[in-house]
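**Q** Take a look at this one; I'll ask things after.
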Amino acid sequence: GMASYISDPLLEKSSLYREFLAELREIERHKWFKSEQAGHDIGFETALVDWSLNHRAEWRRSRQAAKSQPAEVA
């Protein structure tokens, strides 16, 4: 993916870096979805802006809520 050029072991262990990668995956999914809707590639920057304005806050809220849930016992 786009972030494969970063291969610092310290970064890979960093929770900030993991959050960045998770966000990047969401933006790439959003880019695919919006491009399918539009019938052409909308480009990364357009997808980034649209996702950031319309979906980022909710995504972060749901991610934090999921993290604070106790692990389910099977």
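The values are calculated or read from the model by the stated rules, or taken from the named source; none is laboratory data. Remember, predicted model here, so these are calculated numbers, not experimental data. The accessibility values were calculated without ligands, DNA or RNA, using every heavy atom of the protein model including side chains. Shrake-Rupley method; radii C 1.70, N 1.55, O 1.52, S 1.80 Å.
**Q** On the given criteria, is Glu28 open to solvent by 60 Å² or more (accessible area, probe 1.4 Å) and not in a helix (DSSP H, G or I)?
**A** Against the criterion (open to solvent by 60 Å² or more (accessible area, probe 1.4 Å) and not in a helix (DSSP H, G or I)), Glu28 does not qualify.
**Q** Give the residue that is modelled with the lowest pLDDT, with candidates limited to residues of region 1-25 that are part of a helix (DSSP H, G or I) and of a type in the set (Gly, Ala, Ser).
**A** Ala3
**Q** Among the residues of region 36-45, write down those that are part of a helix (DSSP H, G or I) and over 18 Å from Arg56 (Cα atoms).
**A** Listed by number, the residues that qualify are Glu36, Gln37, Ala38.
**Q** Being open to solvent by less than 90 Å² (accessible area, probe 1.4 Å) and at pLDDT below 95 narrows it down to one residue among Ala47, Ala38, Ala66, Ala57; which is it?
**A** Matching residue, one of Ala47, Ala38, Ala66, Ala57: Ala66.
**Q** Out of all the residues in region 28-49, which are more than 13 Å from the chain's Cα centre (by Cα) and not polar (S, T, N, Q)?
**A** Phe33, Lys34, Glu36, Ala38, Gly39, His40, Asp41, Ile42, Gly43, Glu45 - these are the residues of region 28-49 that are more than 13 Å from the chain's Cα centre (by Cα) and not polar (S, T, N, Q).
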